[in-house]
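Only one structure is covered here, and it is reproduced in the block below.
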Amino acid sequence: MMVRQTVAFAISAIVALFAVFPLTDTDIWWHLACAREWVTTWTPVREPVVNVHEFFQQTVAFVYNVGGASLLVVFKAILWGCVFALFLWPSVRNPQRTMPQKMLCTCHPENASERLTPDLQDNVMANPVGVKQSILLLAIFATILFIFRYQFEIRPVLFSLLFLGVYWNILPRLIIGNVSRHSSFWVLLVFVLQWLWCKSQGLYILGPIFACIVFVSGHKLWNFRAWKKLEPSKCMLPFILVMMLLTMPFAHREGLNLFLYPFGLLDRLLGLSPSAAVFASEIAENRSPITLLMAGENVLQSSLMIVLCVAGIVAAVLRLRQSGSVENTSLTNSTERVEFYFGNAGFCALWLLVTAILALIAERNFVLFLPVFFAVVLRSFGSAHTPLNSKISQPSTSYSHLSSLVFRLSSLVLIAFLLGLWVKSLLAYDSMVAYQRVPVAAAEWMKSHPHSGRLFNDDRAGGYLAFVNPSDSTYIDGRFILKTAKFFENYLRYAESPRVFLHDAELQNMDRVVLPLRYYARWDKLLAALDSVDNWHVVYRDTLFVVMDRTER
């Protein structure tokens, strides 16, 4: 097995391991609740209500019903490993083998006088220098993955990344060259994937964007002189494919509402409209890593995120500039055209640029960028560390052998240390349900102690409460897109102005609150105010959550 293949396999395995941690993302619970029966809060919701995550919800609910939270964690870990495997697989192909000799001369003039044979290429990839650099690269990747391991949640975007990973391997070969003898089957597969994607995650629009980038990079449509050389059929058919992917939401019953969903999501993400500004500024995952860094939140993760995204943007710009130097190269074989354009020219650069910008806009988009960045780095590594034949044949000194051994051992020790830290962090949990973040014990108590009025709850607890005790409708949950900005502002104001809450509780018949004491504990002022009035009293309390009831005066 070649070195790059080993690195790609190791990265995918490390991702799967690091993704094994309890269900810390609180949104998964309202996904599970919606799979059982579509639920809404007792407070008003925006219209229309579109369940864009239906297929994701049904899938995770099936897994949870079979094996509970533990199996769901294993399921999401396997999927995250598959995501990175799909993105890294094209990078383990040998770029020197698939690139035609004319291209080899154009891209690497120093190799024009001596061709690398397959045997020599295998020797190059197996030489000690390449192995040493591969171990260092793997150690760097493992460090990055460990720092961002809590990004690997069980969220609908995971399905989008799976679909994009399949697109990453299939779509370029359909549009550029049409190399498959069974192309109609693969085209049908892409349509089926897009149809499933539209009801799995709101970012389904990335599919048509991906197709456009493949088409533009493959046919070099930024060079208008190339348009004259294209046959009309070759120019129109890919555009028709993209338009069909774009209109796929209309194949579902929600039709126009499903089609418009991503645009509303983008509004909430960027705060383009005044009514959406509060969501863009107050929801942590929607904020830019630059904003988080300036606020002193998640300093290490935010700083590294910015550095990686900037590095990705620089790499993308450089790749786009370099792709122009081989613009007039003749590639007669369709497979060679696919491998060259997909692996070395504008496609990867454009997609890397798009995902880097998305990650800088909002922290939650970093998972879109990371597998692409890894794929580009691994591909560049495979092409860049090829020494000349003379360097390969030079005998190694005992000192170089010793330094290489120390280098490898140091990298392996770092990887082992990271795995040890991961195991230690995992042992800190005694359940695959992160009861520190959701009211596990409090919800059980509330089930056996019903109340007659309405419930007020923290937004992160809403999904779990709806899943465990569906008979008691919640005030709010993580589906912020169902709420108006005015409602969300009022909800946040309760934390700073308890008197407003006391007035609204009387008006809206709220007679029970369940609030966190530690994680996301913004409610200290409200709890102190409730404790100071005569008609509110504590009915349940543990180290993490408190339940208070209101009695008539």
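The values are calculated or read from the model by the stated rules, or taken from the named source; none is laboratory data. What you are looking at is a predicted structure, and each value in this text was computed from that prediction instead of being measured. Reconstructed Cβ throughout: ideal geometry from the backbone, glycine too, with neighbour counts over all protein chains shown.
Being outside any loop (DSSP other than H, G, I, E, B), crowded, with 21+ Cβ neighbours inside 10 Å, touching a Cys at 6+ places or on another chain (Cβ under 9 Å) and not β-branched (Val, Ile, Thr) is the requirement here; does ALA461 meet it? Spell out the reasoning first.
Numbers: outside any loop (DSSP other than H, G, I, E, B): yes; crowded, with 21+ Cβ neighbours inside 10 Å: yes; touching a Cys at 6+ places or on another chain (Cβ under 9 Å): no; not β-branched (Val, Ile, Thr): yes.
No; evaluated as a whole, the condition is false for this residue.
Quick grid of which residues meet (1) at pLDDT 90 or above; (2) touching a helix residue (DSSP H, G or I) at 6+ places or on another chain (Cβ under 9 Å):
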site: LEU206; (1), (2): yes, yes
site: ARG225; (1), (2): no, no
site: ASN257; (1), (2): yes, yes
site: TYR261; (1), (2): yes, yes
site: LEU265; (1), (2): no, yes
Those residues of the stretch 250-301 that are within 22 Å of the chain's Cα centre (by Cα) and of a type outside the set (A, V, I, L, M) come to a total of 20
Test TYR494 against the stated conditions and say whether it is touching a helix residue (DSSP H, G or I) at 6+ places or on another chain (Cβ under 7 Å) and buried (at least 18 other Cβ atoms within 10 Å of the Cβ). yes
What are the pairs with Cβ atoms under 6 angstrom where one residue, in the stretch 52-77, is under 20 Å from THR26 (Cβ atoms) and the other, located anywhere, is of a type in the set (Ser, Thr, Tyr) and not in a helix (DSSP H, G or I)? Sequence gap at least six, or different chains. PHE56/SER200
Does the stretch 67-83 contain at least one residue that is modelled with pLDDT under 90, touching a helix residue (DSSP H, G or I) at 6+ places or on another chain (Cβ under 8 Å) and surrounded by fewer than 22 Cβ atoms within 10 Å (Cβ to Cβ)? no
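Using the structure shown, decide if PHE456 is in contact with a Phe, Trp or Tyr (Cβ under 9 Å, 6 or more places away or on another chain), within 21 Å of VAL50 (Cα to Cα) and outside the structural domain of TRP29 (by TED's automatic domain parsing). Steps first, please.
On the way: in contact with a Phe, Trp or Tyr (Cβ under 9 Å, 6 or more places away or on another chain): yes; within 21 Å of VAL50 (Cα to Cα): no; outside the structural domain of TRP29 (by TED's automatic domain parsing): yes.
No, not satisfied.
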Hey, which of the helices (runs of 4 or more DSSP H) in the stretch 1-95, taking only ones fully inside, have at least 2 residues that are closer than 19 Å to ILE476 by Cβ? 27-36
Out of the residues in the stretch 139-156 meeting the condition of being among the aliphatic types (A, V, I, L, M) and crowded, with 22+ Cβ neighbours inside 10 Å, tell me which one is nearest to SER403 (Cα to Cα). ALA142
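Quick check on my filter: what residues within the stretch 243-271 are among the hydroxyl-bearing types (Ser, Thr, Tyr) and in a helix (DSSP H, G or I)? Spell out the reasoning first.
Going through the stretch 243-271, the residues among the hydroxyl-bearing types (Ser, Thr, Tyr) turn out to be 247, 261.
Within the stretch 243-271, just TYR261 meets the criteria.
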If you scan the stretch 139-195, which residues turn out to be hydroxyl-bearing (Ser, Thr, Tyr) and modelled with pLDDT under 85? SER180, SER183, SER184
Scan the stretch 477-487 and tell me whether some residue there is surrounded by fewer than 16 Cβ atoms within 10 Å (Cβ to Cβ), modelled with pLDDT under 90 and among the aromatic types (Phe, Trp, Tyr). no
Say we look at the stretch 516-530 and pick out the residues that are out of contact with any helix residue (DSSP H, G or I) (no Cβ under 8 Å at 6 or more places or on another chain) and part of a helix (DSSP H, G or I); which of these is surrounded by the fewest Cβ atoms within 10 Å (Cβ to Cβ)? ASP524
If we keep just the residues of the stretch 496-541 that are within 25 Å of GLY463 (Cβ to Cβ) and small (Gly, Ala, Ser), which is modelled with the highest pLDDT? ALA505
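Would you be able to say whether some residue in the stretch 531-542 is assigned to a helix (DSSP H, G or I) and farther than 13 Å from ALA442 by Cα? Full working, then the answer.
Within the stretch 531-542, the subset assigned to a helix (DSSP H, G or I) is 531-532.
Checking the rest, the ones that are also farther than 13 Å from ALA442 by Cα come to 531-532.
Yes, because at least one residue in the stretch 531-542 is assigned to a helix (DSSP H, G or I) and farther than 13 Å from ALA442 by Cα.
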Those residues that are of a type outside the set (Val, Ile, Thr) and under 16 Å from the mean Cα position of the chain (by Cα), I need them from the stretch 24-54; list them, please. ASP25, ASP27, HIS53
Could you figure out which of (1) buried (at least 17 other Cβ atoms within 10 Å of the Cβ); (2) part of a helix (DSSP H, G or I) isn't true of VAL546? (2)
Name, by its number, the condition in (1) small (Gly, Ala, Ser); (2) closer than 27 Å to PRO90 by Cβ; (3) modelled with pLDDT of 85 or more that does not hold for SER334. (3)
